[in-house]
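To start, the structure itself, in structure tokens.
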Amino acid sequence: MVLEETVVFENTADADVFIAFLRKRGCASRKTVSSEVALEEVYCGTLDQLISWEMRAAEECETDGRMQDAAWFRSGAEKFTQVRDRIKVLITGKGPGDVLYTQLEMMDEINAMVPRATEILSRAQTGRPVLDECPLLVVSYIMSESGFIEKTPEGYRLVKTPVPGEVRAELAGQIPEVSKDLFEELTTRVNNTLYPEVRVTIEPSVYFLCEPEELLDILRDLSIDDESLDIIESDLYAKKLIITSLVGVVEQAGTITLTDLTRTLRDYHCKAEATRNIRLALPENIMAMVVADLKKLEILGGKDPVVRINKKLQSRMKK
């Protein structure tokens, strides 16, 4: 159905919240879960190797006069140095079986960053490390991946004692250009990852049961990125405008052919835009699909090619 709207969520829980909202308003929807495969190339090595490599990459960039790229590599080397130093502090005096830190300590550290959000953002924009030491959250990820710690009810427990500089880490993302010889020193690995997508498809009755702003209000609090939300907002208002204009023309005409309806809407003065004419230049084949959707909802009636209002259900339309 051309008037259906599809919303993609990052998780099932948010999709279910939205579906429950639609159900309360009497609007049918369906949920499908799929996945998207992403191939990510990462560069691996020990902390010592990555620190050394980034420093040499920075020197190469400085020699070429690429100071911004050099700053990027030096910042990366400093971040890996922070990881190595934090691991060294955490394991000092500890042995396998000892708790290095608790979940509460890690969350307290995260919460302490909130008041510094402006400072952290400013430092990130200049390419400097955003914090004075590596967060426990990052340490947890790196050491867990290497099998050095495990999460237990008591906290993060040391499984085996590492040499800090020999803990393996990854350099991910798009890196600035370096010489072929230097680049080939890196060990490359491709991560094959599945990212779930939860799609909720809403039937066109939503345009008669909810205002676009009602839908947007609830969607803004759910797991939808801003770019997708902007597209959904544009679609909702555009389709609502088409439907209200189409129904208005049919209502005024009483009965009208599909061809005449298409022609009339091209210069129809839409009430939503009081200061200008909105030209709904839909091709007749697309207009036929819109009309078919509205007939399925029993908003419109009439035997082809005639179109008329189904007066019994006209009251469902929100003006």
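Computed values, structure above
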quantity: Given charges at beta-carbon only (K, R positive; D, E negative), |dipole| of the stretch 39-193 in Debye; calculated: 400 debye
quantity: Inter-probe distance in nm under a simple model that places probes 7 Å from Cα toward Cβ, at residue 188 and residue 259; calculated: 6.1 nm
quantity: Assigned charges on the beta-carbon of Lys, Arg, Asp, Glu; the stretch 155-273 dipole about Cα centre (debye); calculated: 400 debye
quantity: If the convex hull is drawn through the Cα atoms of the stretch 1-58, its volume per residue in Å³; calculated: 183 Å³
quantity: Ordering of 87-96, 74-83 by burial proxy (mean other Cβ atoms within 10 Å per residue, highest first); calculated: 74-83, 87-96
quantity: Options 11, 34, 307, ranked by Cα towards positive dipole end of the chain, top entry (Cβ charges); calculated: 307
quantity: Rough spin-label spacing in nm, given labels placed 7 Å along Cα→Cβ, for residue 286 and residue 266; calculated: 1.4 nm
quantity: Sites matching GluC sites (Glu not before Pro) across the stretch 187-275 that sit in DSSP coil, with at most 16 neighbouring C-beta atoms within 10 Å; calculated: 273
quantity: Under Karplus coefficients 6.51, -1.76 and 1.60, residue-wise ³J(HN,Hα) of the stretch 64-69 in Hz, glycine/proline x; calculated: 7, x, 9, 5, 5, 5
quantity: Interchain or long-range residues, amide H under 5 Å from residue 28's placed H; calculated: 203
quantity: Listed residues 165, 224, 76: farthest to the positive end of the dipole of the chain (Cβ charges); calculated: 224
quantity: Convex hull per residue volume in Å³, alpha carbons only, for the chain; calculated: 212 Å³
quantity: Long-range HN-HN contacts of residue 310 with modeled amide H, under 5 Å; calculated: 300, 301
quantity: Set 24/151; 31/303; 151/180; 31/151; 160/180; 24/239 screened for pairs whose C-alpha atoms are more than 31 Å apart; calculated: 24/151; 31/303; 151/180; 31/151; 160/180
quantity: Mean residue ellipticity (222 nm) of the chain, computed from DSSP H runs ≥ 4 via -39,500 (n - 2.57), nearest 500; calculated: -15000 deg cm²/dmol
quantity: Positive-end residue, the chain charge dipole about Cα centroid, Cβ charges, pick of 242, 207, 258; calculated: 258
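Read-outs: derived from the displayed coordinates by stated rules, not from any lab. Since we're looking at a predicted model, the values are computed, not measured. Positions of Cβ are generated from backbone atoms using ideal geometry, with glycine treated the same way; all protein chains shown enter the neighbour counts.
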